[in-house]
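Take a look at the structure set out below.
The values are calculated or read from the model by the stated rules, or taken from the named source; none is laboratory data. Predicted, not measured: the structure shown is a model, and the values here were computed from it. Cβ coordinates were reconstructed from backbone atoms using ideal geometry, including for glycine residues, and neighbour counts include every protein chain displayed.
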Amino acid sequence: MAAVMQPAVSESLPLLSVNNLEVVYDDVIHVLKGVSLSVAEGTIVALLGANGAGKSTLLRALSGLLDVHDGEVTKGSVTFGGRGIHHLPPTKIASLGMKQVLEGRRIFAELTVEENLKVGGHVAPRQLRTNLERVYGLFPVLAERRKRTAGYLSGGEQQMLAMGRALMSEPRCLLLDEPSLGLAPLIVQQIRDLIVEINAGGTTVLLVEQNATMALSIAEHGYVMENGKIVMDKPAKELLEDSDVREFYLGLGAEGGAKSFREVKHYKRRKRWLS
């Protein structure tokens, strides 16, 4: 794939705004604790954090999927394109242009590649053929395997199919939940480049990733979440250079050298936000 460039810095008003959001599961488990962030139209924004930080819960709140997990928004708001969406059903949020690619490559394994894509395009039937060709242009491997049963695709191909299916509805904003999870380094690089290409085509991206290096290399801005709260909020370049992020999320020491797993688990200093 040809080399790609990072998107230009945008000064537009936020397409997506999360304001002091709180989410509770089963009426007792307080997961999100006053989360606020914004995503400007046409940008890539990275959301970093360890397992259990609340990243997937935030995406469920954005896409309207909290009810499936017995969760609810108890405080705060989410606006998309200037409209409050935090109490709308998933179908309505999707129709407004917000689509989520769930963690774990949730495809229809028994359907063919093309049937999966057509399911994603049912909300825009008049553009079905055009959108199919657009997705095949972005993901040539899917065009080659359009008649293959999706369950027989490799992990990387299934991730591309999940992303392609979401793009079939021409979303304004794509929510990506751990798209590099479990993939080989070469495939992660391909997914990285595809995200940039999708963004260059006009789609805003909120990228949730544990692979901080990959996410920050293509994002304009980044947030770090821990224990249901945003603890850092900086331009992506500054996060890459931040000593805390380098130690706690990139596994790098003060001199830039990679640390062992044991060293990463036994930090020599406390995070600033815990001091």
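Per-structure values
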| item | result |
| --- | --- |
| Matching residues in segment 71-90 - criterion: being outside any strand (DSSP E or B) and in contact (Cβ under 8 Å) with a residue 24 or more places away in the chain | Gly81, His86, Leu88, Pro89, Pro90 |
| Enumeration of residues in segment 6-61 that are among the hydroxyl-bearing types (Ser, Thr, Tyr), at pLDDT 95 or above and assigned to a strand (DSSP E or B) | Ser17, Ser36, Ser38 |
| Segment 146-170: number of residues that are in a loop (DSSP other than H, G, I, E, B) and surrounded by fewer than 22 Cβ atoms within 10 Å (Cβ to Cβ) | 7 |
| Hits in segment 86-95 (condition: farther than 14 Å from Asn20 by Cα and surrounded by 15 or more Cβ atoms within 10 Å (Cβ to Cβ)) | Leu88, Pro90, Ile93, Ala94 |
| Single condition Pro89 does not satisfy, out of (1) modelled with pLDDT of 95 or more; (2) within 25 Å of Gly42 (Cα to Cα) | (1) |
| Selection from segment 15-40 of residues that are exposed (fewer than 15 other Cβ atoms within 10 Å of the Cβ) and hydrophobic (A, V, I, L, M, F, W, C) | Val28, Ile29 |
| Failed item in (1) assigned to a helix (DSSP H, G or I); (2) of a type outside the set (Ser, Thr, Tyr); (3) surrounded by 18 or more Cβ atoms within 10 Å (Cβ to Cβ), with Val68 passing the rest | (3) |
